[in-house]
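Below is one structure; the comments refer to it alone.
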Amino acid sequence: MTRTIAHQSSNMAIVKTLTYLMFTMFAMTTDSVGLIIPEVIRTFQLSLTAAGTFQYATMAGIAIGGLFLGQLADRFGRRRTIVIGLTLFAAACFLLAAGNAFLFFAVMLGLSGLAIGVFKTGALALIGDISTSTAQHTSIMNTAEGFFGVGAIIGPAILARLLTAGLSWTWLYVIAGAMCVVLIVLALLVRYPETTMPSHSGFSGTGRAMKSPYVLAFSAGAFLYVGVEAAVYVWMPTLLAGYTGTAAALATYSLSMFFLLRAAGRFLGAWVLTRVQWQPVLALFSGGILLCFIVSVAGGVSWAVYLLPLSGLFMSVMYPTINSKGISCLPRSEHGAGAGVILFFTCASAVLAPLAIGAVSDAFGRIEYGFTLATGFAGLLFVGALFNWLLNPTRAVLERLDVTEYRQDATA
C-alpha cells in the first residue's frame, strides 16, 4: 500500500513537471517575437505592419485552436490532446526552420499557434484533474504561469545569444521542437489521472461554456488584463526610448525587470493563494496596477521608468487566477472547453489591445495617450475585481463544485 501511494505521488510529480515544462517551452517562442521582428524586417525589407504578421499569426492560431479545438481535451482525453498538439507544434517548428520565405514563415507560425491552442487547453484541463480543490487549482495555475514567465525570460536570452553568434532566429524553433519531442515521449510514458468524460455527445462543450455567465465574466477580465499587460511589454520600450534621466540603466532593462517580477510574483502567488482568499488578492493587486499606471501617466516618464516595471509584480497573480477561477466554475469534464473560451479572449486582446493603443497614440501624436487608454483598461479591471470581492458572485458555484468535483479526490 505504501509503495503504491509512493508510486502515485511520483507519477503525479512527473505529470506536474510535464505541465510546467510545456508552459516554459511555448513561452520561449511566443515571447521572443519582439526580437525576431527586427530580423525579419531586415531580411525581407518589410514595413512594421507587415512584420507584425508574425505576432498576429501566432495569436490568431492560438485563439482559433482554443475556441474551436479546446473541447478536444474533454472529448478525447488530456493525453491524446496534449500529444496531438505537441506533435503539431514540433512539426511546425522544424518546418519553419527549413523555410526561407516570409509567407511560409507566417503560415508555420499560424500552425504553431493552432498547436499551442490544442495542447495548452489540454494542459489547462489536466490541471483540474490533478487538483484536489478549486483553491489548489488556482495555486497550481499560478505555478504553471510562473514557468511560463521563466520561458519568457529564457527564450529571448537564447535568441539573443544565437543572433550574437551569427545564427538565424529559426534555430530557436529547432530548440523548441527538440524540447517538444522530449515532452511527447514523457506524455506517452506517464500515467495520467482518470478523466471524467462529458455525458453529452458531440462537440457542444464550447457552446455551453460560452453560455456560462461565469466563464464570460472571467473571459472579460482576462481580456482587460491582457490589454494592460500588452501595453507594457509591447509599448513600454517606445515610451522609455528617449529617457535620459538618473535611471537610464533601469530604462534599458525595464522589460527584463517587468518579466522577472511577473515570474517571481507568480511563484510567490502560488504559495500566497493557498493561505489568503483570492478575491481580495485580485482586488488589491489590480488596484496596485491601476495606481502604477495613473502615476505613470500623470507624472510622466520619470515616474513610468520605475512604476511600469514594478507593475509586473502586481500583474503576476492576475491572469493565472482569473483563468483558474473561470475554468473552475465548470465541471472538470468541461475544463477543456472553458479553457479554450478564455484562451480565445486572451489572444484576441493580445492582438486588439496593442493595435488600439498604437492607433490612439498615432491619432494624438504621442505614445503617452496610448497609455491613457491602457489606464482605462486597468480601471475597468479594478472595478470588476472590486465588485467580485464585495459581492462574491462565484461563492456558491465554487463551493458546490468543490464538493461534487473534488471532495472524492481529497478523501481517497
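The values are calculated or read from the model by the stated rules, or taken from the named source; none is laboratory data. Worth saying up front: this structure is predicted, and the values here are computed from it rather than measured. Cβ sites come from the backbone with ideal geometry, for glycine too, and all protein chains shown count toward neighbours.
Step by step: first the residues of the range 80-90, then only those that are without any contact (Cβ under 8 Å) to a residue 60 or more places away in the chain and among the aliphatic types (A, V, I, L, M), then the one that is nearest to T195 (Cα to Cα). Which residue is that? Once the filter is applied, the top-ranked residue is I84. The residues on offer are L352, L401, and the sole one that is closer than 27 Å to Q71 by Cβ, in a helix (DSSP H, G or I) and touching a Pro at 6+ places or on another chain (Cβ under 8 Å) is L401.
In the range 46-61, the residue that is surrounded by the most Cβ atoms within 10 Å (Cβ to Cβ) out of those that are in contact (Cβ under 8 Å) with a residue 40 or more places away in the chain and not aliphatic (A, V, I, L, M) is T58.
The condition of being within 19 Å of L330 (Cβ to Cβ) and aliphatic (A, V, I, L, M) holds for only one of A106, A123, A90, that being A123. Is it the case that some residue within the range 202-219 is out of contact with any Lys or Arg (no Cβ under 9 Å at 6 or more places or on another chain), modelled with pLDDT under 85 and closer than 24 Å to I127 by Cα? Yes, some residue in the range 202-219 is out of contact with any Lys or Arg (no Cβ under 9 Å at 6 or more places or on another chain), modelled with pLDDT under 85 and closer than 24 Å to I127 by Cα. Taken over the range 353-372, the residue count meeting the criterion of being surrounded by 17 or more Cβ atoms within 10 Å (Cβ to Cβ) and either within 18 Å of L282 (Cα to Cα) or among the aliphatic types (A, V, I, L, M) (or both) is 5.
Of the residues in the range 355-373, at least one is hydrophobic (A, V, I, L, M, F, W, C) and more than 22 Å from A298 (Cβ to Cβ). Taking the range 5-98 as the region of interest, the helices (runs of 4 or more DSSP H) fully inside it that hold 1 or more residues being under 19 Å from the mean Cα position of the chain (by Cα) and closer than 30 Å to L162 by Cβ are 33-44, 53-69, 78-98. Close contacts from the range 266-277, counting a first residue that is closer than 10 Å to A135 by Cβ and a second that is buried (at least 17 other Cβ atoms within 10 Å of the Cβ) and of a type in the set (S, T, N, Q), with Cβ to Cβ under 6 Å and a gap of 6+ residues or different chains, come to L273/T138; L273/S139; T274/S139.
Within the range 297-313, the set of residues being touching an Asp or Glu at 6+ places or on another chain (Cβ under 9 Å) and either basic (K, R) or closer than 21 Å to L282 by Cβ (or both) comprises S311, G312.
Is it the case, given these coordinates, that W278 is surrounded by fewer than 16 Cβ atoms within 10 Å (Cβ to Cβ), modelled with pLDDT of 90 or more and under 20 Å from the mean Cα position of the chain (by Cα)? When the stated conditions are applied, W278 does not pass them.
Scanning the range 281-314 for residues that are crowded, with 16+ Cβ neighbours inside 10 Å and aromatic (F, W, Y) yields F285, F293, Y306, F314.
Table: residues versus (1) farther than 29 Å from T206 by Cβ; (2) among the small types (G, A, S); (3) touching a Lys or Arg at 6+ places or on another chain (Cβ under 9 Å).
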residue: V276; (1), (2), (3): yes, no, no
residue: V295; (1), (2), (3): yes, no, no
residue: A298; (1), (2), (3): yes, yes, no
residue: L310; (1), (2), (3): yes, no, no
residue: M318; (1), (2), (3): no, no, no
residue: T321; (1), (2), (3): no, no, no
residue: G336; (1), (2), (3): no, yes, yes
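Do we have any residue at all in the range 49-71 that's more than 25 Å from F258 (Cα to Cα) and of a type in the set (S, T, Y)? Taking every residue of the range 49-71 in turn, at least one turns out to be more than 25 Å from F258 (Cα to Cα) and of a type in the set (S, T, Y).
Looking for something surrounded by fewer than 21 Cβ atoms within 10 Å (Cβ to Cβ), part of a helix (DSSP H, G or I) and either of a type in the set (K, R) or without any contact (Cβ under 8 Å) to a residue 24 or more places away in the chain (or both) - is there at least one such residue anywhere in the range 115-123? No, every residue in the range 115-123 fails to be surrounded by fewer than 21 Cβ atoms within 10 Å (Cβ to Cβ), part of a helix (DSSP H, G or I) and either of a type in the set (K, R) or without any contact (Cβ under 8 Å) to a residue 24 or more places away in the chain (or both). In this structure, does A160 turn out to be under 21 Å from A90 (Cβ atoms) and either under 19 Å from the mean Cα position of the chain (by Cα) or not in a loop (DSSP other than H, G, I, E, B) (or both)? No; evaluated as a whole, the condition is false for this residue. The numbered conditions (1) touching a residue at least 40 places away in the same chain (Cβ under 8 Å); (2) over 15 Å from A230 (Cα atoms); (3) not hydroxyl-bearing (S, T, Y) are all true for A374 except (2). For L162, the conditions (1) in contact (Cβ under 8 Å) with a residue 12 or more places away in the chain; (2) touching a Leu at 6+ places or on another chain (Cβ under 9 Å); (3) within 17 Å of T30 (Cβ to Cβ) are fulfilled apart from (1). Under the condition of being assigned to a helix (DSSP H, G or I), touching a residue at least 24 places away in the same chain (Cβ under 8 Å) and small (G, A, S), the residues counted in the range 285-318 number 8.
Residue pairs whose Cβ atoms lie under 6 Å apart, sitting 6 or more positions apart in sequence or on different chains, and linking a residue in the range 62-79 that is more than 11 Å from A339 (Cβ to Cβ) to a partner that is at pLDDT 90 or above and among the aromatic types (F, W, Y), are A63/F344.
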